[in-house]
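Asks: Below is the structure I would like to discuss, written out as structure tokens.
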Amino acid sequence: MKIAIVTDAWKPQVNGVITTLVNTGECLTDDGHDVHYVTPLDFLRTPCPTYPEIRLSLFPGRKVARMLDKLQPDSIHIATEGPLGLAARSYCLKRKLLFTTSYHTRFPQYVRARFPIPLSWSYGYMRWFHSAAAHTMVGTETQRDDLVANEFKNVVLWPRGVDTRAFHPADKDFLKDERPVSMYVGRVAVEKTLEDFLKLDIPGTKYIVGDGPALKQLQRDFPQAVYTGYRFGKELTRYLAAADVFVFPSRTDTLGLVLLESMACGVPVAAYPVMGPIDVVDRGVTGVLNEDLTKAIEGALALSPADCREAALQRSWQAASRRFFANLVDASPPSGRIETRNEQGAT
């Protein structure tokens with residue numbers, strides 16, 4: 001089956017959306033499908049205001065249409081709500097083609113963290129964007145409940161996975177700093193509320209592994225922490241596995257793939273009891289959720305690394321990608337009926 005995935009988020013960015021799309025595409029290809037991406041790499045781009053790492057495609061409409069006309073995909077999935085997503089949405093509506101979308105990012109909350117724009121306005125845009133989709137895929141039950149409460153329609157689950165071969169326990173002696181090592185890995189941006197972590201008076205060493213628009217300010221405000229910048233591949237695993245606790249202070253993530261990656265490395269999670277962590281963390285087993293991050297960290301440090309690893313082994317990208325495939329729809333089903341892959345005999 002030929003599948004087109006349209007995304008405004010793509011390499012060389014590093015985030016959970018891209019990790020999800022890359023792993024999903026690889027698993028679908030292994031299952032015999034023909035996956036094609038429409039990404040910003042094919043377009044003239046400009047830096048996103050307040051977040052220059054993100055490159056926005058300029059005037060993509062005609063080129064997106066030419067690419068999809070040439071490809072003639074059996075299914076079209078629009079992963080993001082940016083310029084490419086808008087262009088693909090317009091393309092499908094003009095041609096009366098069915099398509100699916102996914103809601104990866106809490107866009108209203110991200111905008112609110114940067115500008116004094118009412119959440120209702122941003123939710124209105126997102127609701128408009130996704131209303132035309134046959135299905136809108138989300139990563140967790142909590143996220144689905146949130147969107148349904150905000151009057152989104154046709155919301156279905158698409159769980160996420162973790163590569164337990166790439167992320168695994170490793171030598172703690174890789175880091176020589178004072179223990180315990182409390183670590184955050186990911187984008188360094190205002191919506192991650194990393195100040196909540198860095199201002200804590202806790203023993204040991206704090207690590208920030210990653211980069212982003214808030215990095216320089218945090219380095220000035222909290223010079224006692226260790227800032228490594230981005231790390232990739234085996235080196236990233238060595239850093240993450242050497243931590244004693246993974247601290248996730250974000251209140252705006254829909255899931256947080258790095259939570260699963262830390263568990264796969266045998267590192268328990270300390271986080272707020274909010275969307276994302278409450279769907280990923282098995283409280284008292286793989287992490288501790290508490291409005292008091294200090295208490296969450298103290299509790300997580302007492303948990304079993306082996307239990308964290310075992311929980312991660314139950315979540316594969318293969319299973320997640322097959323759920324994604326089951327949620328897809330034929331671009332032009334007979335008699336206008338929406339057919340999912342499940343109706344066509346997929347498992």
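Please treat every number below as a calculation from the coordinates, not as lab data. From a predicted model like this one, the values you see are computed outputs, not experimental measurements. Cβ placement follows ideal geometry from the backbone for every residue including glycine, while neighbour counts extend to all protein chains displayed.
Asks: Connecting C-alpha atoms closer than 10 Å in a GNM of the chain, tell me which of MET67, MET263, MET126 has the biggest fluctuation.
Replies: MET67
Asks: Give the Rg (one decimal place) followed by the Dmax (whole number) of region 1-139, computed from C-alpha coordinates and expressed in Å.
Replies: 14.8, 47
Asks: In addition: Given labels modelled 7 Å from the Cα in the Cβ direction, how far is it in nm from LEU44 to ALA149?
Replies: Output for this residue pair reads 4.4 nm.
Asks: Let me ask something else. Starting from 0.36 nm per residue, how many nanometres of slack lie between ARG283 and HIS36 once their C-alpha separation is accounted for?
Replies: 85.1 nm
Asks: Tell me, what is a quarter of the convex hull surface for the C-alpha atoms of region 154-227, in nm² with one decimal?
Replies: Mean orientational projected area (region 154-227, Cα hull): 7.4 nm².
Asks: From the square roots a ≥ b ≥ c of the eigenvalues of the alpha-carbon gyration tensor of region 230-278, which class results: rounded (a/c under 1.5), prolate (a/b over b/c), or oblate?
Replies: prolate
Asks: Now, a different point. In terms of the Cα gyration tensor, with a ≥ b ≥ c the square roots of its eigenvalues, is region 285-335 rounded because a/c is under 1.5, prolate because a/b exceeds b/c, or oblate?
Replies: Note, shape of region 285-335 comes out oblate.
Asks: Given the -39500 (n - 2.57) contribution per DSSP H run of 4+ residues, what per-residue ellipticity at 222 nm results for the chain, rounded to the nearest 500 deg cm²/dmol?
Replies: Calculated from helices alone, the mean residue ellipticity at 222 nm is -10500 deg cm²/dmol.
Asks: Please state the Cα pair-distance histogram of region 193-245 with 10 angstrom bins from zero: what percent is in each bin?
Replies: Computed distribution, short to long bins: 22, 54, 24, 0.
Asks: For region 3-54, what relative contact order do you get, as a whole percent, if you take Cα pairs closer than 8 Å and at least 6 residues apart?
Replies: 49 percent
Asks: Once amide H atoms are placed 1.01 Å from N in the peptide plane, what residues at a sequence separation of 5 or more from VAL245, or on another chain, have their amide H within under 5 Å of its amide H?
Replies: VAL181, MET183
Asks: Could you give me the ³J(HN,Hα) list for region 263-268, computed from phi with Karplus coefficients 6.51, -1.76, 1.60 and θ = phi - 60°, whole Hz, x at Gly and Pro?
Replies: 4, 4, 8, x, 10, x
Asks: Using θ = phi - 60° and the Karplus relation 6.51 cos²θ - 1.76 cosθ + 1.60, list the HN-Hα couplings for region 219-226 in order, rounded to whole Hz, with x at every Gly or Pro.
Replies: 4, 6, 7, 9, x, 6, 7, 9
Asks: Another one. Can you pick out the pairs among LYS172/LYS295; LYS206/LYS234; LYS199/LYS234; LYS11/LYS96; LYS2/LYS96; LYS11/LYS172 whose Cα atoms lie more than 26 Å from each other?
Replies: Where the Cα-Cα span goes over 26 Å, the pairs concerned are LYS199/LYS234; LYS11/LYS96; LYS11/LYS172.
Asks: Quick one: work out the % antiparallel among DSSP beta bridges in the chain, nearest 5.
Replies: Roughly 15 percent of the beta bridges in the chain run antiparallel, per DSSP.
Asks: For a label point 7 angstrom out from the Cα of LEU200 toward its Cβ, which stretches of region 260-286 have the backbone nitrogen within less than 13 Å?
Replies: 268-273
Asks: Taking 30 Å as R0, compute the FRET efficiency from the Cβ-Cβ separation of PHE174 and PHE222 and round it to 0.05.
Replies: 0.85
Asks: So what are the chain's ellipsoid semi-axes, whole angstrom, largest first, if each one is the square root of 5 times an eigenvalue of the alpha-carbon gyration tensor?
Replies: After scaling each eigenvalue by five and taking roots: 35, 22, 18 Å.
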